[in-house]
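Trainee: Once you've had a glance at the structure underneath, I'll fire off some questions.
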Amino acid sequence: MEKEESGDSRVAGGELPPSSSPEGIATFKRELLEFLAEPAEPLEEGPAGPVQPGPWDIRLFEGYGRGLVATRDIAVHELVFVDRPMLLGPRVNNYDVIFCASCCRILKRLQLCSGGCRLPICGRCDYVATGSPHAAECRLIQSWQPKDAGRYAKNILYALTSIRGFLLSERDRRIVLQMEGHAPRKEMLTEIEGLLKDGYFGNLPADGPDVRYLRQVVNVLNTNAFETSRVVANDDTDDGGGADHEIVLRGLYVLGAMMNHCCQPNVRYVFDRQLRMRVYASRPIRRGEQILNNYSKLLWGTQHRIIHLCFSKNFLCGCERCKDPTEFGTYLGALKCVREGCAEGRLLPVNPLKILSVWQCDRCNLKLNNVKATKIQEIAGRMVLNNAIKRDGSHIIDYLNDHLVKFLLPTNQFTVELKLQAIKKIQPCRPLAELREKERYCLEILDVLDRLRYGECFVKGILCYELFVTRVAITRALNDRSITLDEPSLEWLRTAWQILGPSGNRPRDLQQLVVTHGIEE
C-alpha cells in the first residue's frame, strides 16, 4: 500500500524522479495495464483483449506521491477496478499447519520436494511432476546450494514470496522496483537477513546482486503487500477430500497498492476465488477525488492507528477523523476517567495527531500523560486477548457485562473487539439470551460505522450477514411454526450480498439465503 511522505517525490535539483515524472507515470501505467491483460481470464467481463482503464488514473499528489484519481463520478457499489497479484506466496509469520509451498494444499505428512529446495510440497506439485509450477523456483533455490537438504526449512518458505521475484519478466521487475519500498527498522530481522544469518545457502553471497535484489523486493513487499488467503482441503484422503482450511498469504497487488491512505476510505475490496482483488466504491466518489483505501484497522482508535501507520508505513495521517478527539462521537479511542467520582468522564488526547499527546477528561479536566494512558491501553489489550482467544461466546458476554464495563467505555476499541469476537463465536443454535446479545452487538457496531461515515464497507457486510442469520434464529426460537422476517431484516441480507457476494471467502450459506428469501442478485 504505497505511501510517499511529503517531499519524497523529488530529487536533488528539484526534478521529479523518473518514476514520478509524467512520462514515467505514463510508462508505469502502460506496463501495468499490459500485465493486467495477460491472465487467461480477462480482467473485465466480456471478450478477451487489451485491458482498458476503468474510471481511474494514476496521478502525482503533493504530500502523497503517486495515487489513484477518479476520472468520472463513481457510484456506491460500482466496481472501480480488478487487480491480480504480481507476487503471491507465504507470509513471514508462523503457520500452525504444514502445506504445499506451491498450491497450499494441507499435507497430512511432511513431504519434501525431490529437487532438494527444502520446501514442503505435495505429489502433484513436486519438482519431478510434469509441468510443475514449482520447478522454476526449485531450480533457482538449488542454484544457491541449500545446506542440509534433507530437512524442512521454514525460513526458506517464509522468504518464498520474495524469492519468486526472480521469476518475474523484465517488464514486471521494472514495475516492482518502481514501487515505494521503505527500508526495515534497524531492529527488524527480515526473512532474507534471517537466511543469511543462519547460513542456509552455500552460494548466496551477502554482498552479491541476488541479495541486493531480494532486499529490494522485501522492502517493496513490506511496504505494499496485502493479506489474502486461499481455501484448500486437508490432505487426509487420497483424493484430498478433507475439511476445508484457510491458508493466509500475502500478495503484491500493484494497482491496489497505488491507492493512498485515509482513515475514512471511499472503497472496499474483496478477493475472489482466483485471488484477484476486486475494488468497489463504498460511498460515492466524485470526479477528481482520490480513490482512497485504509491501511489500518477501521475500528482502531486514533492513537493505535497513527502508531501503526508511523512504524509500518512511515507516515502520519491527518484526516478529519484523526483530527477529531471524539472520532465523530464514537469515542473509539477514549478511556474512562480514572478519577474517583467522575463516572461519566472520558479521557481524550488533547492533540490526537501527536503520539505523545497529553490526555484530558472531558468532564473534570483531569490530565494524564501519554505514558499512563498507553499503560491503560496495554492492560486493556491484554484483557481482551485473554478473554477472546479460546473462549466461547457466553464467556465473552459475561466478561463484557460483569467486568469490562467497569474499566472501559461501551464503544472503546477493545470493547468493540470483544463484541466482534462474540458475534463471530455465537452460532444460531445458541440460547435465546446469547442471540439477543449478539443482535445488540451487531446493531451497536453498525451504529459506530455509520457515525464514522464508512458507507458500504466490508465490516458492514459481515455485520449485516450476522445480524440477519441471528434474527432468523431468534424468530425460530420464538415461533417454531413459521418464520416471518420484516423488510429491515431482508435489507440486511440484501446489503450483505451486495458487499460480500463477490468475495471468494463469503459465508458458505449466503448465496442460498439470498435464493431462499428472494433477494435480487
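The values are calculated or read from the model by the stated rules, or taken from the named source; none is laboratory data. As the structure is a prediction and not an experimental result, all values here were calculated from the model. All Cβ positions, glycine included, derive from the backbone under ideal geometry; neighbour counts span all protein chains shown. Quick note on the areas: whole protein, heavy atoms, side chains included, nothing else; ligands and nucleic acids left out. Shrake-Rupley method; radii C 1.70, N 1.55, O 1.52, S 1.80 Å.
Trainee: Restrict the check to the stretch 479-490 and report whether at least one residue is within 26 Å of residue 246 (Cα to Cα), open to solvent by 60 Å² or more (accessible area, probe 1.4 Å) and part of a helix (DSSP H, G or I).
Mentor: Narrowing the stretch 479-490 to residues within 26 Å of residue 246 (Cα to Cα): none.
No, the conditions are met nowhere in the stretch 479-490.
Trainee: Within the stretch 53-62, does at least one residue satisfy the condition of being more than 30 Å from residue 454 (Cβ to Cβ) and among the aromatic types (Phe, Trp, Tyr)? So that I can check it myself, show each step before the final result.
Mentor: First pass over the stretch 53-62, keeping only residues more than 30 Å from residue 454 (Cβ to Cβ): none.
No - not one qualifying residue is present in the stretch 53-62.
Trainee: Can I ask one more? Where in the stretch 391-476 are the helices (runs of 4 or more DSSP H), entirely inside, with at least 2 residues that are closer than 24 Å to residue 513 by Cα and open to solvent by 10 Å² or more (accessible area, probe 1.4 Å)? So that I can check it myself, show each step before the final result.
Mentor: Values: elements: 393-402, 413-425, 432-451.
Hits in the stretch 391-476: 413-425, 432-451.
Trainee: Something else: Considering each residue of the stretch 147-178, count those that are open to solvent by 10 Å² or more (accessible area, probe 1.4 Å) and within 17 Å of residue 89 (Cβ to Cβ), and give that number.
Mentor: Residues flagged as open to solvent by 10 Å² or more (accessible area, probe 1.4 Å) and within 17 Å of residue 89 (Cβ to Cβ) within the stretch 147-178 amount to 10.
Trainee: Additional query: From the list 244, 272, exactly one residue is within 22 Å of residue 460 (Cα to Cα), out of contact with any Cys (no Cβ under 9 Å at 6 or more places or on another chain) and acidic (Asp, Glu). Which is it?
Mentor: Working: 244 fails: within 22 Å of residue 460 (Cα to Cα).
Answer to the selection: 272.
Trainee: Being within 25 Å of residue 436 (Cβ to Cβ) and basic (Lys, Arg) is the requirement here; does residue 506 meet it? Spell out how you get there, then give the answer.
Mentor: On the way: within 25 Å of residue 436 (Cβ to Cβ): no; basic (Lys, Arg): yes.
So residue 506 fails the test.
Okay, residues lined up against (1) under 22 Å from the mean Cα position of the chain (by Cα); (2) polar (S, T, N, Q):
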| site | (1), (2) |
| --- | --- |
| 459 | yes, no |
| 464 | yes, no |
| 477 | no, no |
| 490 | no, no |
| 493 | no, no |
| 506 | yes, no |
| 509 | no, no |
| 512 | no, yes |
| 516 | no, yes |
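Trainee: Follow-up. Output the number of the condition that residue 214 fails; it satisfies all remaining conditions of (1) in a helix (DSSP H, G or I); (2) modelled with pLDDT under 95.
Mentor: (2)
Trainee: Consider only pairs whose beta carbons are under 7 Å apart and that are at least six residues apart or on different chains; among these, list those whose first residue lies in the stretch 409-426 and is farther than 11 Å from residue 333 by Cα and whose second residue is among the aromatic types (Phe, Trp, Tyr) and open to solvent by less than 10 Å² (accessible area, probe 1.4 Å).
Mentor: 419/441; 422/441; 423/441
Trainee: How many residues are among the small types (Gly, Ala, Ser) and either closer than 21 Å to residue 297 by Cα or under 28 Å from the mean Cα position of the chain (by Cα) (or both) if we restrict to the stretch 333-356?
Mentor: If we filter the stretch 333-356 for residues that are among the small types (Gly, Ala, Ser), which is where we start, we get 333-334, 341, 343, 345.
Next cut, either closer than 21 Å to residue 297 by Cα or under 28 Å from the mean Cα position of the chain (by Cα) (or both) only: 333-334.
Number satisfying all stated conditions: 2.
Trainee: In the stretch 367-389, what residues are among the aliphatic types (A, V, I, L, M) and surrounded by fewer than 15 Cβ atoms within 10 Å (Cβ to Cβ)?
Mentor: Start the filter on the stretch 367-389 by keeping residues that are among the aliphatic types (A, V, I, L, M), which leaves 368, 371, 373, 376, 379-380, 383-385, 388-389.
Of everything in the stretch 367-389, those that are among the aliphatic types (A, V, I, L, M) and surrounded by fewer than 15 Cβ atoms within 10 Å (Cβ to Cβ) turn out to be 371, 379, 385, 389.
Trainee: Can you pull out the residues in the stretch 101-144 that are hydrophobic (A, V, I, L, M, F, W, C), within 22 Å of residue 162 (Cβ to Cβ), open to solvent by 10 Å² or more (accessible area, probe 1.4 Å) and outside any loop (DSSP other than H, G, I, E, B)?
Mentor: 112, 135, 136, 140
Trainee: Please note which strands (runs of 3 or more DSSP E) are completely contained in the stretch 257-365 and include at least 3 residues that are out of contact with any Phe, Trp or Tyr (no Cβ under 6 Å at 6 or more places or on another chain). Quick ask: steps written out before the conclusion?
Mentor: Details: elements: 267-271, 277-281, 346-349, 359-361.
Hits in the stretch 257-365: 267-271, 277-281, 359-361.
Trainee: Checking the conditions here, which among 380, 373, 388 is in a loop (DSSP other than H, G, I, E, B) and among the aliphatic types (A, V, I, L, M)? Working first, answer last.
Mentor: Details: 380 fails: in a loop (DSSP other than H, G, I, E, B); 373 fails: in a loop (DSSP other than H, G, I, E, B).
Sole residue among the options that is in a loop (DSSP other than H, G, I, E, B) and among the aliphatic types (A, V, I, L, M): 388.
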